[in-house]
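Only one structure is covered here, and it is reproduced in the block below.
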Amino acid sequence: MSYYFSKVLDTSFDEAIDKVTKELKEEGFGILTEIDVKETFKKKLDLDFRKYRI
């Protein structure tokens, strides 16, 4: 059983985040917490990482 879902969009990272957030809201869902992996890696480990959000 797989719980992972992936979709490639023809849009920028920030536009994709905005679109997903909007669509979730329209379906009655919200985002309880968000982890910006790139920012966390930089702050905690001083490592560069690609844009990635959980």
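The values are calculated or read from the model by the stated rules, or taken from the named source; none is laboratory data. All figures in this text were calculated on a predicted structure; none of them were measured in a lab. Glycine gets a Cβ as well: all are built from the backbone with ideal geometry, and neighbour counts include every protein chain shown. Note: areas computed on protein heavy atoms with side chains; ligands, DNA, RNA excluded. Shrake-Rupley method; radii C 1.70, N 1.55, O 1.52, S 1.80 Å.
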Per residue, how much accessible surface does the chain expose to a 1.4 Å probe? Answer in Å², no decimals. 102
With +1 on each Lys and Arg Cβ and -1 on each Asp and Glu Cβ, and nothing else charged, work out how big the dipole of the chain is about its Cα centre, in Debye to the nearest 20. 240
Please determine, in degrees from 0 to 90 and to the nearest 10, the orientation of helix 13-26 with respect to the longest principal axis defined by the Cα atoms of the chain, where the helix direction is its Cα long axis. 40
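Looking at the chain, which chymotrypsin sites (Phe, Trp or Tyr not before Pro) are DSSP coil and have at most 12 other C-beta atoms within 10 Å of their C-beta? Show your work: numbers first, answer last.
Working: sites: 3, 4, 5, 13, 29, 41, 49, 52; in loops: 3, 4, 5, 29, 49, 52.
Passing sites in the chain are 3, 4, 5, 29.
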Mind listing the phi-derived Karplus ³J(HN,Hα) values for region 42-51, rounded to whole Hz, using 6.51, -1.76 and 1.60 with θ = phi - 60°, and x for any glycine or proline? 5, 5, 8, 10, 6, 10, 8, 8, 5, 5
Let me see the P(r) profile for the chain: every Cα-Cα distance counted, bins of 10 Å, each bin given as a percent of all pairs. 19, 43, 32, 5
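If you only keep lysine pairs separated by 8 or more in sequence, or across chains, how many in the chain come under 18 Å at the Cα atoms? Kindly include the intermediate steps, with their values, before the conclusion.
Details: 7/19; 7/22; 7/51; 19/51; 38/51; 42/51; 43/51.
The number of close lysine pairs in the chain is 7.
Within 10 Å, at most 12 other Cβ atoms, and a DSSP state outside H, G, I, E, B define an exposed site. Report the longest part of the chain free of exposed trypsin sites (Lys or Arg not before Pro).
On the way: sites that count: 7, 50.
That would be 8-49.
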Loop GluC sites (Glu not before Pro), the chain (other Cβ atoms within 10 Å of the site Cβ: 16 or fewer; DSSP): 27, 34
